[in-house]
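Visitor: Once you've had a glance at the structure underneath, I'll fire off some questions.
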Amino acid sequence: MVAALPLTLRGATLRRRGRRLVGPVDLTLGPCGVTVAIGPNGSGKTSLLRMMHGLQRVAEGAVDWSLPEAEARQRQAYVFQHPIALRRSVLANLAYPLRLRGVTRAGARAKAEEIAARFDLTAQLGQSAPSLSGGEMQRLALARALITMPEVLFADEPCAALDGAATREIEGHLTAAAASGTRLVMATHDMGQARRIADEVVFLLHGRIHESGPAARFFAGPSTPEAAAFLRGDIVE
Ligand SMILES: Nc1ncnc2c1ncn2[C@@H]1O[C@H](COP(=O)(O)OP(=O)(O)O)[C@@H](O)[C@H]1O
Ligand SMILES: [Mg+2]
C-alpha cells in the first residue's frame, strides 16, 4: 500500500484574522516513531497539530502528504484535548468512523466490540457516551481514533485532564498503537510523559520550532538555552 508519509511542511504558517498562530514551520515527519511537541502554553502545539491534520488551511507555505490530500486525510485520526462524543451509545460512537467508510453495520459492530474489549469499555458499550467519566471518555476517543487503524494519529494533550492511573492507561494504548505501526504525533505539557514516549521532540516557542531532534539527545542536553530552561521548569516566554 502506498503511504501517506512522509509529511513535509515547508514554511507552513497558520493565521487567524491576520495574526500568526504558528509558523513558518519546516518539518518532515518520517514513516515511523513518536514525535512529541512540547513548549510553553500558547507556543503553538495545538496549532501545529491542527495545521498538519488540515483542520485549518495554511496562509503561507505548504503541508504536503505523500498522497493526494483527500486520501491522506482518510488515513489520519485526531484526538482532541477535550474529547467530544456523539450523543449516542459508546457502541455507536465506535462504529461511526467505520460506517463513514462504508463498513456494514454488522462489520462495524464486530470491530467496535473488539476494540471496546481492548480499551476496557465492554461494560459501557450500551451507555450513552456523554455520560462516561473523563478517563472512559478519553479511552473512547482514542479507541474511536484507532478503530480505522490510521497510519498517523495526532493526539493533543490526550491526558491533560486525567489522573495518574488513567494517564498510564492512555499512554499504554498510545505506545501500543505506535508499536503496531501507527505514526504518533502528540502534544503534551507533561515532560515526564514526553520523556516516556517520545522518539523525536519538537520544542516550540512563539509559534516556531525553536529546537527539534532525537528525544534522547534533547533530554540529555538541549542545545538552546530556552529549551534547557523549559526542561528545568523555568518560565520561558
Ligand atoms: N481559536 C483561536 N483564535 C485566536 N487565537 C488562537 C486560537 N487558538 C490559539 N490561538 C493563539 O495561537 C497561539 C498558539 O496557541 P496554541 O496553538 O493553542 O498553543 P499551545 O497548544 O502550545 O498552548 C497562541 O497565541 C494562542 O493565543
Ligand atoms: Mg494546546
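Visitor: Within segment 144-161, can you find the residues that are within 16 Å of ligand 2 (Cβ to nearest atom) and surrounded by fewer than 24 Cβ atoms within 10 Å (Cβ to Cβ)?
Guide: Asp156, Glu157, Cys159, Ala160, Ala161
Visitor: Related question: Take segment 162-173 and flag every residue that is part of a helix (DSSP H, G or I) and either loosely packed, with under 12 Cβ neighbours inside 10 Å or touching an Asp or Glu at 6+ places or on another chain (Cβ under 7 Å) (or both).
Guide: Across segment 162-173, the qualifying residues are Gly164, Ala165, Gly172.
Visitor: Go through Leu98, Leu91 for me and flag whichever is in contact with a Gly (Cβ under 8 Å, 6 or more places away or on another chain), in a helix (DSSP H, G or I) and in contact (Cβ under 8 Å) with a residue 40 or more places away in the chain.
Guide: Values: Leu91 fails: in contact (Cβ under 8 Å) with a residue 40 or more places away in the chain.
Leu98 is the lone residue from the list that is in contact with a Gly (Cβ under 8 Å, 6 or more places away or on another chain), in a helix (DSSP H, G or I) and in contact (Cβ under 8 Å) with a residue 40 or more places away in the chain.
Visitor: Restricting attention to segment 43-74, which residues are crowded, with 19+ Cβ neighbours inside 10 Å and either of a type in the set (A, V, I, L, M) or part of a loop (DSSP other than H, G, I, E, B) (or both)?
Guide: Within segment 43-74, Ser43, Gly44, Leu48, Leu49, Met51, Met52, Val58, Val63, Trp65, Ala72 meet the criteria.
Visitor: Residue under question is Leu142, and the condition is that it be more than 30 Å from Met191 (Cα to Cα) and part of a helix (DSSP H, G or I); does it hold?
Guide: In short, no.
Visitor: Scan Ala176, Ala194 and give me the residue that is assigned to a helix (DSSP H, G or I) and away from ligand 1 (no atom under 16 Å from the Cβ).
Guide: Ala176
Visitor: Related question: Looking only at segment 31-71, which residues are closer than 22 Å to Thr188 by Cβ, more than 14 Å from ligand 2 (Cβ to nearest atom) and hydroxyl-bearing (Ser, Thr, Tyr)?
Guide: Hit for segment 31-71 is Thr35, nothing else.
Visitor: Then there's this: Within the group Ala176, Ala194, Ala228, Ala220, which residue is crowded, with 20+ Cβ neighbours inside 10 Å, farther than 19 Å from Met52 by Cα and out of contact with any helix residue (DSSP H, G or I) (no Cβ under 6 Å at 6 or more places or on another chain)? Walk me through how you get there before you give the answer.
Guide: On the way: Ala176 fails: crowded, with 20+ Cβ neighbours inside 10 Å; Ala228 fails: crowded, with 20+ Cβ neighbours inside 10 Å; Ala220 fails: crowded, with 20+ Cβ neighbours inside 10 Å.
Exactly one residue qualifies, and that residue is Ala194.
Visitor: Over 25 Å from Phe230 (Cβ atoms) and among the basic types (Lys, Arg): is that true of Arg73 in this structure?
Guide: It is true that Arg73 is over 25 Å from Phe230 (Cβ atoms) and among the basic types (Lys, Arg).
Visitor: For Arg139, which of the numbered conditions (1) under 30 Å from Leu100 (Cα atoms); (2) more than 14 Å from ligand 1 (Cβ to nearest atom); (3) surrounded by 20 or more Cβ atoms within 10 Å (Cβ to Cβ); (4) touching a residue at least 60 places away in the same chain (Cβ under 8 Å) fails to hold?
Guide: In the conditions (1) under 30 Å from Leu100 (Cα atoms); (2) more than 14 Å from ligand 1 (Cβ to nearest atom); (3) surrounded by 20 or more Cβ atoms within 10 Å (Cβ to Cβ); (4) touching a residue at least 60 places away in the same chain (Cβ under 8 Å), Arg139 misses (4) alone.
Visitor: Go over the candidates Val79, Val63 one by one and state the one that is β-branched (Val, Ile, Thr), touching a residue at least 24 places away in the same chain (Cβ under 8 Å), within 22 Å of Glu211 (Cβ to Cβ) and in contact with a helix residue (DSSP H, G or I) (Cβ under 8 Å, 6 or more places away or on another chain).
Guide: When all the criteria are applied, what remains is Val63.
Read the figures in this text as sums done on the coordinates, not as results from a lab. As the structure is a computational prediction, the values presented were derived from the model and not from experiment. We place every Cβ from the backbone using ideal geometry, glycine too, and count neighbours over all the protein chains shown.
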